[in-house]
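Working notes, structure below.
The values are calculated or read from the model by the stated rules, or taken from the named source; none is laboratory data. Keep in mind the model is a prediction, meaning the values are calculated, not measured. Because the Cβ atoms are built from the backbone with ideal geometry, glycine has one as well, and the counts that use them run over all protein chains shown.
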């Protein structure tokens, strides 16, 4: 009787969707790290000191204004990534049509 665990890992066909999903996950993770890093810089540089000495922009403390501005910039970045860079992939079983869609999107 053959054991189901007796196989060569090289025989497993790599699903292209997992390769694409991993690449997109790494991009999103990098963007999130950048966002967090930039927000920490703003919070600990612009937002430090006595609140009576804060600078105000459009009636808001400068640190709050810059936080909102950075958030909007990163929202547009995420929108661009999702709409233009990331590839929509079907979760249906892998079929030739999906392969064709991915190849057309890469062009």
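Overview of values
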item: Test result for residue 65, at pLDDT 85 or above and more than 27 Å from residue 33 (Cα to Cα); result: no
item: Residue count, the stretch 2-21 (criterion: without any contact (Cβ under 8 Å) to a residue 40 or more places away in the chain and either in a helix (DSSP H, G or I) or touching a strand residue (DSSP E or B) at 6+ places or on another chain (Cβ under 6 Å) (or both)); result: 5
item: First in the stretch 50-75 and in contact (Cβ under 8 Å) with a residue 60 or more places away in the chain, second anywhere and assigned to a strand (DSSP E or B) and exposed (fewer than 12 other Cβ atoms within 10 Å of the Cβ), Cβ under 8 Å, 6 or more apart; result: none
item: Evaluation of residue 24 against (1) under 23 Å from residue 102 (Cα atoms); (2) surrounded by 14 or more Cβ atoms within 10 Å (Cβ to Cβ); (3) free of Cβ contacts under 8 Å to residues at least 60 places away in the same chain (one fails), failing number; result: (3)
item: Filter result for residue 31 (free of Cβ contacts under 8 Å to residues at least 40 places away in the same chain and either within 30 Å of residue 92 (Cβ to Cβ) or surrounded by 14 or more Cβ atoms within 10 Å (Cβ to Cβ) (or both)); result: no
item: Residues within the stretch 37-49 that are surrounded by 11 or more Cβ atoms within 10 Å (Cβ to Cβ) and closer than 17 Å to residue 73 by Cα, tallied; result: 5
item: Hits in the stretch 47-71 - residues which are in a helix (DSSP H, G or I) and over 15 Å from the mean Cα position of the chain (by Cα); result: 51, 52, 53, 62, 63, 64, 65, 66, 67, 68, 69, 70
